[in-house]
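Participant: Take a look at the following structure, please.
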Amino acid sequence: MKITKQKVEKLALIIIIIFAVLGSAVSSIAIHEYSHAQDYQGLTKNEEVCALVLPETPSDLLNAKQPAGYFSFDYNPEDIKEINRIDKYTEKKAYSLSALPIALLAISVLALIIAKTEF
C-alpha cells in the first residue's frame, strides 16, 4: 500500500474533525452549565458547576442516566418564587446556547465539503 499525499491529507482531516467534534461537545456542556449558573446568580449559595463528568467505569459510558455535567446549589426558601420563575426558561436557554459550538462546527465542515467538491 502506497502512502500518498492525498491519503495523508484525508487522515489528517479526519483526525482534526474528530478532535473538533470532541471539543465542541465538551464546550457545549460547559456553556450549558455556566448558563444555568448565570441565570441563578445572586439567588444561590454553595454553587457547584461541573462542566464535564468523566465516567468512572466503562459501563458509565453507555449509561444514559450518567450526567455529562451539572450545576448544583442551595437557596434561601424565601427565594423559591424567583427560583421557580427561572426554572421555566433556564433549560431552553442553556440548550440554545450550547447548540452554538456544534452548529458552528457543522457549518464549518459543510463549508469545507462544499469547497472540496468540484462542480
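Each value in this text was obtained by applying a stated rule to the coordinates, not by laboratory testing. Just so we're clear, the structure is a prediction, and the values are computed from it rather than from any experiment. We place every Cβ from the backbone using ideal geometry, glycine too, and count neighbours over all the protein chains shown.
Participant: Highest first, please rank the peptides 97-107, 8-18 by the mean number of other Cβ atoms sitting within 10 Å of their residues.
Facilitator: Numbers: 97-107: 14.6, 8-18: 11.0.
Most protected by this proxy first, the peptides run 97-107, 8-18.
Participant: Which FRET efficiency value, to the nearest 0.05, is calculated for Lys81 and Ala20 with the Förster distance at 30 angstrom and r the Cβ-Cβ distance?
Facilitator: That gives a FRET efficiency of 0.10.
Participant: Do the alpha carbons of any pairs in Lys45/Lys93; Lys5/Lys116; Lys65/Lys93 sit beyond 20 Å of each other, and which pairs?
Facilitator: Lys45/Lys93; Lys65/Lys93
Participant: Quick check: residue separation of Leu62 and Ala99 times 0.36 nm, minus the Cα distance between them. What number comes out in nm?
Facilitator: Details: separation 37, 0.36 × 37 = 13.32 nm, distance 2.20 nm.
Extra length available between Leu62 and Ala99 comes to 11.1 nm.
Participant: Where Rh is the Kirkwood radius over the Cα pairs of the stretch 5-116, the temperature 4 °C and the viscosity 1.567 mPa s, what D in µm²/s does Stokes-Einstein return? All intermediate terms of the calculation are to be shown ahead of the outcome.
Facilitator: Working: Rh = 16.5 Å.
So the translational diffusion coefficient is about 78 µm²/s.
Participant: Still on this structure: Which whole-number percent is the relative contact order of the stretch 45-86 (Cα, under 8 Å, 6+ apart)?
Facilitator: Worked out over the stretch 45-86, it gives 49 percent.
Participant: In nm, what is the difference between 0.36 nm times the number of residues separating Lys7 and Asp74 and their Cα-Cα distance?
Facilitator: Working: separation 67, 0.36 × 67 = 24.12 nm, distance 5.43 nm.
So the chain would gain 18.7 nm between Lys7 and Asp74.
Participant: Further question: Once both axes come from the Cα atoms, what is the angle between helix 5-39 and the longest principal axis of the chain, in degrees from 0 to 90, rounded to 10?
Facilitator: Compared with the principal axis, the helix lies near 10 degrees.
Participant: A follow-up question, please. Okay, helix-only estimate at 222 nm for the chain: each DSSP H run of n ≥ 4 adds -39500 (n - 2.57), divide by all residues, round to 500 deg cm²/dmol; what do you get?
Facilitator: -22000 deg cm²/dmol
Participant: Quick check on packing: order 79-90, 58-69, 25-36 by the mean number of other C-beta atoms within 10 Å, highest mean leading.
Facilitator: So the peptides 79-90, 58-69, 25-36, ranked by packing, come out 25-36, 79-90, 58-69.
Participant: Given the C-alpha centroids of the stretch 14-55 and the stretch 59-100, what is the distance between them in whole angstrom?
Facilitator: 11
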